[in-house]
Every structure is written in C-alpha cells, then in structure tokens.
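Chemist: This is the structure I want to talk about, given as structure tokens.
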Amino acid sequence: MSTEGAALPRILRTYVAARAALGLALLLAPWLAWLMGGRTPLLLLALCLAYAGQAVSLWLLGQLAVARPGPRRPWLWTVGVDLLVFSLLRLLDPLGQFNFAALLVLPVLMAGVLTQRRLAMATAAGVTLMLLGVAWLTAAEGVVLLAQWSQAGLAGAGMFMVSWLASELAQRLAREERSARSSLGLAHQQTLLNRLVIEELADGVMVMDRQGLVRTLNPAARALLGAMDQAMVVPFMLADQPGLHGLQQALDQAFQQGRWPDAAREICLALADGDVRTLQLRARFTRRGGIGADDKPPEDICVLFLQDLRSVQDQARQHKLAAMGQVSAGIAHEIRNPLAAISQATALLLEDELQGTQRQLAHIVADNAWRLKRIVDDVLAAAPGPVSTPVVIDARIEVALVFDDWCRASSAQTRVADHLICDFPTGSLPAYFDVEHLRRVLVNLLDNAVRHASPSSGAVCLSLVAGPLPGTVTLSVASDGVAMAAEVERHLFEPFFSTRSRGSGLGLYICRELCERHGANIEFSPGPVGSRYSHVFAVMMRAGPAV
C-alpha cells in the first residue's frame, strides 16, 4: 500500500466490496443478453463466473480487510486480477458488445490509490499496451488501424491521467491523515498535561455546565468542600448536594447574566461535619463545540476556581508583613546613625555638672534614646535572615548562664528573681542553636513571663528537658496570671502586635524568626487544667551529638 494510515485501508475494503458487486453484475449480464436473443461465448461465461467467485469469496473471507499485507499483495489479488480478467474479456469481446474496456478504468484508478506511483504508472502503461494490441489485432485495413490506434492511444492517455491524479489524491489524503494524527496526539498530550496541572493546583477547580452538572472536580476542591465530598462521584448534579444549594443559585444567576454575580464572590458553605467555611470564587466561561464526528451542539461551560477565604487573607497578611519588614529594616538602618549621635551627646552632657532640672531632662533623653535603640535592634532582628549554620551547644550550661545574667540585671531594680523556680537536668543537653540567639529568645520569654505573672513566689517556672519527642530538647517558660484571651492568643507571634502601649510588638515575632533559622519551633499553650501556670511558652530545639 502506498502509505500507512486508516483511510486507505477503508478504501481497500470498499474496493473489495465493490468488486464483489461487479462480479455478480458480470455474471448476470451474459445471461440477460442470452435471454434477449444474443449469443455469449462459453469461455466468456466461464471467465465471468470465475471472477465473480474470486471477488465474492475475497469479500466474504475479509482477508485483506483484517490482515496487514505487504505492498504487492493488494495489487496482486485485486488490481492484478481485475487487469487480467478485464483484458481477457476485452479480447473475447472484440466488437465491444458489452464495452468491457470501460471496466479497465477501475483497476487503474485503484492502482493509483492503493500502490506506489511507479507501480500505478506501470499498471496504466500495461493497460495502454493491451488496448493498442487489441486495436492492432482487430484492425482489417490501414485506415481502420490508424483510427483504432488513435482511440486506444487516447484511452491510454486517459488511463495515465487517472492513475496520476489518483496517486496525487491518495498521497495528499495520507499526508492530511498523518497531520491529523499528529495534531490529535498533541491534543491528547495537551489534555493530559492540562489534567495534571489541574490536579496539582492549590486552588480548587470545578467545571460545570448550564444545568449544574459538575464535570470535573480536582482534589483541592474536594478538600475545600470538606466532608460533603463523600457522595461526590463525578459527574454529579449540584442540586443533589444539600450543602451546595447556594452555589447552584449563583450558577443559575451567572448563566443568566453572562458573568459571575458580584454578590456571590464569597459563599459560606455549611459542611457535613458542622463546620462553616467561606470560599472565595472566581469564574471563567467558555463554549465547548463538537469535535470530529461529535455532532453535539455547542454548550456553555463554567470553570469555577475556589479558595478558602482564610488562606487568601493569610497570604495577604504575610505579603503585607514581609513588605513592612523590609521597609522597617531600611528605616531602622537610617535611624541608627542619628540615634547613636543623640546617645553620645546625651552621655557627654551627663558627664558635666548640670542643674537638677537639666539633669532630669538629660536623663529623659538618654532613657528614650536607649528605648529607641532597643526598638531599632528589634526591627533589624525581625528582618528575614538566612538559615544559620548548625552549631551544637550545651543547652543546660548556656541556659543557666543566660538565666544568671538576666537575674543579676533584673535584681538591680526589683527582686523578680525571687519569684522564679528552675528545673535543669544534671547532665549535659546538646542542641543545635546559636548562643546569642538563644540568649535573646530566653530573655524575651522571661521578660514577658515576669511582666504578666503574679508577684507570688514561684510565679514563673523555667525548665529544660530532653524530649518529649525523640531527638528534641525543650526549653519552657511557664507563668501564672490571668488567662489569655483567645483573640490575643491568635496574634501572639505576629509582628507589631502588642497589648502594651509602650511595646513594639516584635519580641515574640523575633523569637519565632530566630527559632526557625535554627530548625527549632516555638509554641504557646495554656497550662493544663488544674495547673498553677496558665501560660506556657515552649521552644523545641533539635538535639545534637554529645559535646
């Protein structure tokens, strides 16, 4: 066969069926002529009978339709047999009683379609030579011979044109089919890629039609819809889901208006487990038309993107905090130099003999300059930094040293150390952390604990233990006092959040940032029921090898 593909084998099967019908017609034609008074040679009848038998049996067996023959077998059993039989019929009927010469167009045409161009041209050449030979054999005198040869030559030229045109059309059909198969393969790959992208999207995706039939539902959408997705076997109707009636109403309104309604940009869904979730919706509309043999009319499709509103708000908050951190860090760098100059000038003033009011004002300036310096340091410490190189320290020794330094600094003004109790292990506790960062975290936690604890003895408890998870060391600071409100607890580790008017709101945020740089984790939890301590801050560090 000239080219691989699906169209040419179909043409071959049609040709085989047409030969069977033609064989039956050739078998009936001589008998009809005999009934009408004509005489038909027995050899011609036998040849028609043999051709009909071969054509019908080939069609019934379906050998060429099922098997994938080599390049010459189709020509041999179809075109070759037709050339032989039709040429013999032409020779047996030289006077053209049945015009068998016209049948030769069929094998020439199919040779151009089913075979290579060289073999197709050879077929046309053979038919032309046969026609010229029959014209020479049947001619009686020179004038008649010239006329017969002219007719045979014109018929042969027509055979060449038919063969060439059929070959061109067959090759073009094969090229178009290869191009279509290639395009279909690319479309299939693109479909698989789109499906993979949709499955991996963090946003929920639902594809619905005008009737509310959900065609596609990705895993993110199932997670957002919660427990109600247990009965969601795609495809399903939105109207069949009690928790999605609001979405069904919004979809109907959207198809009526031609766009998603503004009032339905956010929808509250009551999930099957009793939870209420607010989803932010974005919609895109498209039209699906018939493809290939699909004669279905075009239909409107709505692609709905779902996002949990809390996640959207959290992302916006994180972007805002990151921008604020960068701006604050830049401002803090610019403030440092003039602040250092103010501190030095105030220190020089305090070295002189000042009057009582002037010295008091100088102390106020010095105290506020120190406070500004601490705020600047906090802002710079809160700026995002690289992950620190792991360093193994003895957590027991370092925590004890920080605690002693903090107690000495605090006892200079108050006796807060008298209200603390410590629980340190006897052996070493190696952990991954930086000494200075650990000092900053522990000092922040102790300052907060003492500030909110009662003045009674043992109001603050500092403990260091191995565990509770394998491979961890936990440092905890617990304090008593009034239980923390849920609204305050939710924003504890956010920057610039403080319950004090003079606080920067960066202490706990800095603690979390420093812990994350060393692979540690800091958490707050209310004390156990019945326990004295209502506030517990725990820093869980990675345990290290023995130092």
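The values are calculated or read from the model by the stated rules, or taken from the named source; none is laboratory data. These numbers come from a predicted model, not from an experiment. Virtual Cβ from ideal backbone geometry, glycine too; neighbours counted across all protein chains shown. Surface accessibility is based on the protein's heavy atoms, side chains included, excluding ligands, DNA and RNA. Shrake-Rupley method; radii C 1.70, N 1.55, O 1.52, S 1.80 Å.
Chemist: Could you figure out which of (1) open to solvent by 50 Å² or more (accessible area, probe 1.4 Å); (2) farther than 16 Å from residue 422 by Cα; (3) at pLDDT 85 or above isn't true of residue 466?
Modeler: Here residue 466 clears every test but (2).
Chemist: Where residues in region 416-436 are acidic (Asp, Glu) and open to solvent by 60 Å² or more (accessible area, probe 1.4 Å), which of them is modelled with the lowest pLDDT?
Modeler: 418
Chemist: Let me ask you something else. Within region 279-298, which residues are modelled with pLDDT under 80 and either open to solvent by 50 Å² or more (accessible area, probe 1.4 Å) or within 24 Å of the chain's Cα centre (by Cα) (or both)?
Modeler: Residues satisfying the conditions are 286, 287, 288, 289, 291, 292, 293, 295, 296, 297, 298.
Chemist: Mind checking which residues of region 19-42 are surrounded by fewer than 16 Cβ atoms within 10 Å (Cβ to Cβ) and at pLDDT 80 or above?
Modeler: Selection gives 21, 24, 25.
Chemist: Quick test for you: out of 200, 177, 168, pick the one residue that is more than 30 Å from residue 126 (Cα to Cα) and more than 29 Å from the chain's Cα centre (by Cα).
Modeler: One residue alone meets the criteria, 177.
Chemist: Examine region 261-269 for a residue that is farther than 19 Å from residue 220 by Cβ, at pLDDT 75 or above, open to solvent by less than 30 Å² (accessible area, probe 1.4 Å) and part of a loop (DSSP other than H, G, I, E, B), and state whether such a residue exists.
Modeler: yes
Chemist: Okay, next question. Between a residue in region 469-497 that is on the phi > 0 side of the Ramachandran plot and hydrophobic (A, V, I, L, M, F, W, C) and any residue that is buried (at least 16 other Cβ atoms within 10 Å of the Cβ) and outside any strand (DSSP E or B), which pairs come within a Cβ distance under 7 Å, given they are 6 or more apart or on different chains?
Modeler: 496/505; 496/506
Chemist: Where in region 300-412 are there helices (runs of 4 or more DSSP H), lying wholly inside it, with at least 1 residues that are modelled with pLDDT of 75 or more and in contact with a strand residue (DSSP E or B) (Cβ under 7 Å, 6 or more places away or on another chain)?
Modeler: Passing ranges, in order: 309-351, 395-411.
Chemist: Still on this structure: Name the residues in region 110-124 that are touching a Phe, Trp or Tyr at 6+ places or on another chain (Cβ under 9 Å) and either over 14 Å from residue 78 (Cα atoms) or in a helix (DSSP H, G or I) (or both), would you?
Modeler: 110, 111, 112, 113, 114, 117, 119, 120, 121, 123, 124
Chemist: Across region 187-214, what is the total count of residues that are more than 18 Å from residue 280 (Cα to Cα), of a type in the set (Gly, Ala, Ser) and open to solvent by 30 Å² or more (accessible area, probe 1.4 Å)?
Modeler: Residues flagged as more than 18 Å from residue 280 (Cα to Cα), of a type in the set (Gly, Ala, Ser) and open to solvent by 30 Å² or more (accessible area, probe 1.4 Å) within region 187-214 amount to 1.
Chemist: Step by step: first the residues of region 223-260, then only those that are within 22 Å of residue 199 (Cα to Cα) and assigned to a loop (DSSP other than H, G, I, E, B), then the one that is modelled with the highest pLDDT. Which residue is that?
Modeler: Checked region 223-260; the qualifying residue modelled with the highest pLDDT is 235.
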